[in-house]
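Student: This structure is in structure tokens; I'll ask about it shortly.
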Amino acid sequence: MEKINAQNSPQEDTLTRLKKAFITGIFATLASISIGFIFKIWLAQWVAKEDLALFHSVVDIISLSLILMTGFRSSMVVSYSQTKNDRDIINIFRFSLIIMVLITWGLVIPYIKHELNINVSYYQLVGIIFSMGLKVYFTNLVAMYRLYSISNKVTWLDPLANAVLFLFCFYVIELPPLSSLFYSMTLSSLAVAGFMYIRRRKEIATKPLSTVQLDPTLINYVKKSFTASLEAGASILMIYITVLLTISHFSIDELGDFQVVVRPIFTYMTMLFVFPIYRFVLPELAVCVRQKQHDQVKQIRRWVFKLSFIVSAIFFSIMLMWAKPIVLWVFPAEYVGAIPVLFHFSIFFIFMMLNAYQLAYIKAHGHFTQSLLIRLSGIASLVIGYYGLSLFTNNVVAIIAALGVGYMMMFILSTLAERQILRQQQAVEEKCIEVN
């Protein structure tokens, strides 16, 4: 614990520490994207398309079942910053993760093998579930303790380990390509989990699994974790709704534009500039809120908003002037229909970044239910917005515009929630002044 306190000592300005972690995180994510993208392109040149589709489908299904556990991350960060009771917080998370892994084991594996009729070895599926569960566990611990240097290293080590271990499985052990993909995913997840375990233990050692005495504070943490898990699912649901709307109302050609061009760019921009807000800004906000460092919160807000406007302006300018040559340089000419969709995405990207900050601010104050309701309002606005726009146009741009409407609604509601929190803070401060 001493090392943790030394690392996060007040001698280092909060905003300085945040900027350093955020910028390092962007470079780490760029490295991760580059390694992963190059590896996928190389695999696509010679591995059978059916094998790649099967592998990615299985991993996606298992990832979706475990992604709810990543929702625990924000509640762990906030609850630990408020209570410092890491022993019980971690034990509750351990029991929850064990239950989720067992549910995934008992329900998802039979679904993959018998309902989808995907012919994958039982042991390969168990290995993927177990190793990914361990990786989620240590990732959440690293986030809770604000060990940003470990988090940033893992960002690019994960795809690198996966690529290296695939080469080992295929060329050294001489396994078939599909088996090499599954075993390399399992081994790389275990390797990354082991790396986080060793590095984290140098900073702080956690207590072994034990029973938990649920007091009101811990019951509140469990409620926050459940709500945060639902929000994690809701955030993913927004993207899947856009895919389902495209499948239902447009041609396979337009679906290809979205899946092959728009969705990857959407994912990469989110990884680079939105996820770091939850990874780095939220933990710092939670600490500042607990310590009543309101000036630090204002500085963080000013910096995030400035960064959001700069990034969004650059992205919009690139799409406005060079979207067509960039798309035609990277993709075949048949994907030219993605250009107007990308342009409209660049218009509302700023709301994604600003909304991420607003939701992080709301969570830092412990209002997880309010954050979930705002997320659900975004989903409702997306659906209503699409069917409203479809009355005036049958262009696929209506879907991305409706997604923008959803994020704009979330930003408006989160801004109102932020102002309400500020008014409550001012009222409390004025009352304290009167008492004194």
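Student: Go through LEU97, LEU66 for me and flag whichever is assigned to a helix (DSSP H, G or I), at pLDDT 90 or above and open to solvent by less than 30 Å² (accessible area, probe 1.4 Å).
Tutor: LEU97
Student: Restrict the check to the range 298-315 and report whether at least one residue is open to solvent by 40 Å² or more (accessible area, probe 1.4 Å) and among the hydroxyl-bearing types (Ser, Thr, Tyr).
Tutor: No.
Student: Then there's this: Could you check the range 218-264 and list, in sequence order, the residues that are among the hydroxyl-bearing types (Ser, Thr, Tyr) and surrounded by 14 or more Cβ atoms within 10 Å (Cβ to Cβ)?
Tutor: Within the range 218-264, TYR221, SER225, THR227, SER229, SER235, THR242, THR246 qualify.
Student: Might you check whether a residue that is touching a Ser or Thr at 6+ places or on another chain (Cβ under 8 Å), in a loop (DSSP other than H, G, I, E, B) and of a type outside the set (A, V, I, L, M) occurs anywhere in the range 276-299?
Tutor: Within the range 276-299, one or more residues are touching a Ser or Thr at 6+ places or on another chain (Cβ under 8 Å), in a loop (DSSP other than H, G, I, E, B) and of a type outside the set (A, V, I, L, M).
Student: So in the range 374-391, with the set limited to residues that are among the hydrophobic types (A, V, I, L, M, F, W, C), in contact (Cβ under 8 Å) with a residue 40 or more places away in the chain and open to solvent by 30 Å² or more (accessible area, probe 1.4 Å), which one is farthest from LYS363 (Cα to Cα)?
Tutor: In this case the residue turns out to be VAL383.
Student: To continue, here is another question. Could you list all residues from the range 337-373 that are open to solvent by 50 Å² or more (accessible area, probe 1.4 Å) and of a type in the set (S, T, N, Q)?
Tutor: Once the filter is applied, which keeps residues that are open to solvent by 50 Å² or more (accessible area, probe 1.4 Å) and of a type in the set (S, T, N, Q), the range 337-373 yields THR369, GLN370.
Student: Pairs under 6 Å by beta carbon, first residue within 14 Å of SER96 (Cα to Cα) and modelled with pLDDT under 85 in the range 209-225, partner open to solvent by less than 100 Å² (accessible area, probe 1.4 Å) and among the β-branched types (Val, Ile, Thr), six or more apart or different chains?
Tutor: Matching pairs, first to second residue: VAL212/ILE92.
Student: A further question on this structure: Considering only the range 410-419, I want to know if a residue exists there that is assigned to a helix (DSSP H, G or I), free of Cβ contacts under 8 Å to residues at least 12 places away in the same chain and not aliphatic (A, V, I, L, M).
Tutor: The answer is yes, given that some residue of the range 410-419 is assigned to a helix (DSSP H, G or I), free of Cβ contacts under 8 Å to residues at least 12 places away in the same chain and not aliphatic (A, V, I, L, M).
Student: Within the range 386-402, can one find any residue that is within 30 Å of CYS288 (Cα to Cα) and touching a Phe, Trp or Tyr at 6+ places or on another chain (Cβ under 8 Å)?
Tutor: Among the residues of the range 386-402, not one is within 30 Å of CYS288 (Cα to Cα) and touching a Phe, Trp or Tyr at 6+ places or on another chain (Cβ under 8 Å), which makes the answer no.
For (1) within 27 Å of TRP42 (Cα to Cα); (2) of a type in the set (Ser, Thr, Tyr); (3) open to solvent by less than 20 Å² (accessible area, probe 1.4 Å); (4) in contact with an Asp or Glu (Cβ under 7 Å, 6 or more places away or on another chain), each residue gets a yes or a no:
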residue: LEU116; (1), (2), (3), (4): no, no, no, no
residue: ILE129; (1), (2), (3), (4): yes, no, yes, no
residue: LEU134; (1), (2), (3), (4): no, no, no, no
residue: PHE138; (1), (2), (3), (4): no, no, no, no
residue: VAL142; (1), (2), (3), (4): no, no, yes, no
residue: LEU147; (1), (2), (3), (4): no, no, yes, yes
residue: ASN162; (1), (2), (3), (4): yes, no, no, no
residue: VAL172; (1), (2), (3), (4): yes, no, no, no
residue: PHE182; (1), (2), (3), (4): yes, no, yes, no
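The values are calculated or read from the model by the stated rules, or taken from the named source; none is laboratory data. These numbers were taken from a predicted model, which means no experiment stands behind them. Counting neighbours? That spans all protein chains shown, and the Cβs are built from the backbone with ideal geometry, glycine included. Accessible surface is based on the protein model in full, side chains and every heavy atom, while ligands, DNA and RNA are left aside. Shrake-Rupley method; radii C 1.70, N 1.55, O 1.52, S 1.80 Å.
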